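To start, the structure under review is shown below, and the notes come after it.
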Amino acid sequence: MTTVTKGISMLVLSVLLLGLLVMIVLGFMLGFTHPLPWILIIVLAVIPVIHDKIVATRFVEWQESYSVGIETIDHDHKKLLGLINQLQTAAHYKTDDEMIEDVLNQLVDYTKYHFSREEEMMLSCEYPDYAEHKQKHDEMIVQVGKYIDEYRVDKTRTIEDVAIYLKTWLVNHINGTDQKYTPYLQGKV
Ligand code: FEO
């Protein structure tokens, strides 16, 4: 969602809530026993809850099914998901470019740190699919760098696009690639 779209969506929500408030006041002119204003009050109370729930679906929550069974690696994955959520927060609330750049840099740095830690563990345990796994990490570093560079110059690409891209990649990688090494590394690193 671009800043302009975000602004329009907040304006529409505010106008809707204000309109409801006016209708409630007018509704009470029909009498306190009339059901209309009371129904509108319920609608008024429910709209922000629904809005918050829609926003919440864009965030990613850690699930036990993501665990690779190694505490340090799970910690890294949780940290990365947390940074991705910070990007989503930036996408939905007014956040200055400096903060977004800071989170992006932290994400890139921590991803590199995590990959290198994971690769050392795989090597020390002589994990047979090490080369294939490392190749995926190397490709990811290049792709993320490219994606973020494009975001910085292409104003139609939003920070939310970056967050969704990273979230999808990370969750798929954990579930589809990382968890394969669990039997080889668990209890040995
Ligand atoms: Fe947890 Fe292979 O990255």
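Derivation of every value follows stated rules applied to the coordinates shown; laboratory data play no part. Keep in mind that what you see is a predicted model, and the values were worked out from it rather than measured. Glycine gets a Cβ as well: all are built from the backbone with ideal geometry, and neighbour counts include every protein chain shown.
Things to note:
- Criterion (more than 16 Å from the ligand (Cβ to nearest atom), among the aromatic types (Phe, Trp, Tyr) and surrounded by 10 or more Cβ atoms within 10 Å (Cβ to Cβ)) met by exactly one of TRP62, TRP38: TRP38
- Long-range neighbours under 6 Å by Cβ, at least six apart or interchain, first residue outside any helix (DSSP H, G or I) within region 161-189, second of a type in the set (Gly, Ala, Ser): GLN186/GLY69
- On the stretch given as region 41-59, residues that are part of a helix (DSSP H, G or I) and either among the small types (Gly, Ala, Ser) or loosely packed, with under 12 Cβ neighbours inside 10 Å (or both) total 10.
- Residues within region 153-183 that are loosely packed, with under 12 Cβ neighbours inside 10 Å and away from the ligand (no atom under 15 Å from the Cβ), tallied: 5
- Some residue of region 123-142 being in contact (Cβ under 8 Å) with a residue 60 or more places away in the chain, in a helix (DSSP H, G or I) and either away from the ligand (no atom under 12 Å from the Cβ) or under 16 Å from the mean Cα position of the chain (by Cα) (or both): yes
- Within region 96-122, the set of residues being more than 16 Å from the ligand (Cβ to nearest atom) and out of contact with any helix residue (DSSP H, G or I) (no Cβ under 7 Å at 6 or more places or on another chain) comprises ASP96, ASP97, GLU98, GLU101, ASP102, ASN105.
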